[in-house]
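This report refers to the structure that appears directly beneath it.
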Amino acid sequence: MSQNEIDSFQLDSVPMTMQQVEDSFLNKNLSLIAQKYSIDSARATVIAARLYNNPEVDYQNEFYNQVNHQFFGVERSFQVSELITMARKRNKAIQLATAGVAIAESQFYDLLRTLRYIVRNDFYNIYFQQQSAKLYQLEIASLKKLVPLFQDEVQKGFMAKNDALRIQSQLYSLEAEYDGLQTDIEGVESELKYLIRAGSREYIIPKADVSALDHDVVARTSFQVLLDTAMADRPDLKVLNEGITFNQNNLILQKALAKPDITVSAAYDRYGSYVKNYNSIGVGIPIPLFNRNQGNIKSAGIQLEVSKINYENGMDQVRSEVTHNYITALRAEKLLLSFDPKFETDLKQMISQVLVNFEKKNITMLEFLDYYDSYKQHILELNQLKYNKMNALEQLNFSIGKIYFNR
């Protein structure tokens, strides 16, 4: 892409609320759509397990008669047989397939939980980065007004050239920082647009509800309530628990498969038996002398024990994650609430007065630059603290397994 093409490439600003972003994500995300097909595939295995065995029909016709030397003679025979499964194998196979559906559904919701966290976190990340970008835009616009004025004063001999250069250097520094910030925003924008399948030329402007920043929402929430919610709602924990059920059903099925099935048959033979038009019924059953499905039964038992250990490990992990994220959110909330609510407003009023006093030459160049840099750092740090709290709340939502905060 040439420089002219880059300069002419424009993005369309698209304001979006969190609800709009989530709706687009839920309806359009291809990973979720693909995972839904996995659920349909698992349900198809239940249909397959419900089906009965097909009867088998065997027909034979005499090919060549050795007596009268004729092809395709009058001798023919029929046999119909049906395999009857014993030990309720069919019902046990249905239960196993049904457990597989439950796992597929929980895996879908776990994928949804993971991707939704990324979407929501990206949304707030872009929002606060764009707030910081506005700060840069204001400062750059202010300095751009000063630079030509100071250059004019240098030419008239009213100002030292070094002072004008310092202002110009500050402007270039801010523009470089602003460009880096824009690159960061575009990176997060790219990920968010991919997840919600937004247009490539769209530039999302988050319209975020950040009312949680002004309240002690975490401190007023019981840790035990959050932990109990996580234990009940975490889909990855449900996958592990349903894995136990799946392996229990598999063990039951494997033991049932050790029981022999019965084949019932009916046969007719026109001339090939000791009497004409011979007919018979029969029953066949394999003798479980060598193969009693021992290997599969043992393997299923081992898998059951492994699934129980994995579930215990999963519960420990959930407790650890909820505890860590709860403490992190408490710390972020306490730090943000320790700031005076008027702090940001007072800073903005101060910097506007600084600019006026500098233009009137009531303060020196060094004081002006120091005030500007200090103001910028304070606002950037405050935006970072705000994002830290919103991110901590989203991490807590993620560890709980549902949208508990920022709903």
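A short reminder: the numbers here are calculations on the coordinates, not readings from a lab. In this text the structure is predicted, and so the values were computed from the model without any measurement. Counting neighbours? That spans all protein chains shown, and the Cβs are built from the backbone with ideal geometry, glycine included.
Pairs with C-alpha atoms separated by more than 27 Å, drawn from the list Lys161/Lys360; Lys298/Lys402; Lys134/Lys389, are Lys298/Lys402.
Roughly what percent of Cα-Cα pairs across the chain reach past 34 Å?
Value for the chain (Cα pairs over 34 Å): 59 percent.
Taking every DSSP beta bridge that has both residues in the chain, what percent is antiparallel when rounded to the nearest 5? The antiparallel fraction comes to roughly 80 percent. Once the Cα atoms are used to define both axes, helix 89-156 deviates from the longest principal axis of the chain by about 20 degrees. Computed over the stretch 219-373, the quotient of the alpha carbon radius of gyration and 2.2 N^0.38 Å is 2.55.
Under 1.5 on a/c is rounded, so check that first for the stretch 342-386, then, if it is not, pick prolate when a/b is larger than b/c and oblate when it is not; a ≥ b ≥ c are the square roots of the alpha carbon gyration tensor eigenvalues. Because a/c hits 1.5 or more and a/b fails to exceed b/c, the stretch 342-386 counts as oblate. Determine the equivalent ellipsoid of the stretch 322-401 by diagonalising the alpha-carbon gyration tensor, then write out the semi-axes as square roots of 5 times the eigenvalues, largest first, rounded to whole Å. Those come to 37, 10, 8 Å. Computed from backbone phi, the HN-Hα couplings of the stretch 46-56 come to 5, 4, 5, 5, 6, 6, 7, 5, 6, x, 10 Hz, rounded to whole numbers (Karplus: 6.51 cos²θ - 1.76 cosθ + 1.60, θ = phi - 60°; Gly and Pro given as x).
By the rule of a C-alpha distance below 18 Å, with chain neighbours fewer than 8 residues away ignored, the aspartates and glutamates paired with Lys89 are Asp261. Pairwise Cα separations in the stretch 169-300 fall into 10 Å bins from 0 onward with the following percentages, short to long: 8, 12, 14, 16, 12, 11, 9, 8, 5, 3, 1, 0.
Just the ratio, please: alpha-carbon radius of gyration of the stretch 163-222 over 2.2 N^0.38 Å, N its number of residues.
With N residues counted in the stretch 163-222, Rg over 2.2 N^0.38 Å equals 1.79.
The trypsin sites (Lys or Arg not before Pro) of the stretch 208-288 that DSSP puts in a loop, and whose beta carbon has at most 13 other beta carbons within 10 Å, are Arg220, Lys276.
A cut-off under 14 angstrom between Cβ atoms defines the neighbours of Asp209, and their net charge, with Lys, Arg +1 and Asp, Glu -1, is +2. Amide H contacts of Val14 (H built 1.01 Å from N, in plane; Pro and chain starts excluded): Tyr203, Ile204, Ile205 sit under 5 Å, all sequence-distant by 5 or more or on other chains. For the stretch 143-196, run through the chymotrypsin sites (Phe, Trp or Tyr not before Pro) and keep only the ones in DSSP coil with at most 11 other Cβ atoms within 10 Å of their Cβ. Of the chymotrypsin sites (Phe, Trp or Tyr not before Pro), the ones in loops of the stretch 143-196 whose Cβ has at most 11 other Cβ atoms within 10 Å are Phe158.
In the stretch 11-82, the C-alpha radius of gyration followed by the widest Cα-Cα span (Dmax) gives 30.9, 94 angstrom.
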